[in-house]
Amino acid sequence: MTDSTAHHTQPTATPSDHGSGVSDCPATANSETKQRWLRRGVAGLMVLSALVLALVWSKHGPTRPQQQRGETTLGMPTVVKTDAQWRRLLTEEQFHILRESGTERPFANRYHDHEAEGIYTCVACGNRLFSSSAKFDSGTGWPSFHAPLNAKAVRQTMEPGLWQRTEVACSRCGGHLGHVFDDGPPPTGLRYCMNSAALQFVATSSSK
Ligand SMILES: [Zn+2]
């Protein structure tokens, strides 16, 4: 019985002793462990961000060369020339259409009823733009296509103003080619209305 009472009294004495004598110890120990955890947390965050970076790199890294391999026009450098340089290279009509967003007369142009098989390139820079297989008779008097050779061959920009037309330009030299409208035939339902003077037809080897 005496043992049990001694046991009971001892625990009540120890906390009071501990509390008054070494009250700073647990506090400093706590802040030290906090700092240690903080350091570990920062280190962990750095490792995590490095992992995320590695993941992003592995996801986007390999796709770039694949895209460049797939689309030939992507790898081409952008052709940039001054107006004076373009004037020396182009005829007056070509310059007016390509560099001043002009429009040639309907029917009185080179390719509106041209039916040979081949590729239509940009007359200014040689960028491959349209295939004869996408050409159709729109009845407008301008060469019309339902799609460009690939999406990267042309650059499409909404024109400001009341007309709300979408301008089509060569993605390589920025030359104005024509406009695209949504009243075309299947499979795209689009009508790329081009200026013959902006194009150069190149026959495919089989039709030469
Ligand atoms: Zn061009």
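Quick notes on this structure:
- Here residue 112 passes the criteria (1) part of a strand (DSSP E or B); (2) away from the ligand (no atom under 13 Å from the Cβ); (3) more than 21 Å from the chain's Cα centre (by Cα); (4) crowded, with 16+ Cβ neighbours inside 10 Å except the one numbered (1).
- Any chance residue 132 is in the same structural domain as residue 195 (by TED's automatic domain parsing), more than 14 Å from the ligand (Cβ to nearest atom) and of a type in the set (Gly, Ala, Ser): yes
- Checking each residue in region 159-188 for being in a strand (DSSP E or B) and either surrounded by 17 or more Cβ atoms within 10 Å (Cβ to Cβ) or at positive phi (or both) picks out 168, 169, 170, 176, 177, 178, 179, 180.
- Region 152-183, residues that are among the aliphatic types (A, V, I, L, M) and within 16 Å of the ligand (Cβ to nearest atom): 153, 154, 168, 169, 177
- Among the candidates 181, 145, the residue that is in the same structural domain as residue 110 (by TED's automatic domain parsing), under 23 Å from residue 116 (Cβ atoms) and among the hydrophobic types (A, V, I, L, M, F, W, C) is uniquely 145.
- Within region 197-208, the set of residues being buried (at least 20 other Cβ atoms within 10 Å of the Cβ) and away from the ligand (no atom under 15 Å from the Cβ) is empty.
- Some residue of region 112-124 being charged (D, E, K, R) and closer than 24 Å to residue 84 by Cα: no
- The single condition among (1) within 15 Å of the ligand (Cβ to nearest atom); (2) touching a strand residue (DSSP E or B) at 6+ places or on another chain (Cβ under 6 Å) that residue 142 does not satisfy is (1).
- In region 190-201, the residues that are in a helix (DSSP H, G or I) form Cβ pairs under 8 Å with partners that are acidic (Asp, Glu), at six or more places apart or across chains, as follows: 196/104; 197/93; 197/104.
The values are calculated or read from the model by the stated rules, or taken from the named source; none is laboratory data. For clarity, every value in this text was computed on a predicted model and none was experimentally measured. No Cβ is skipped: glycine too gets one built from the backbone with ideal geometry, and neighbour counts run over all protein chains shown.
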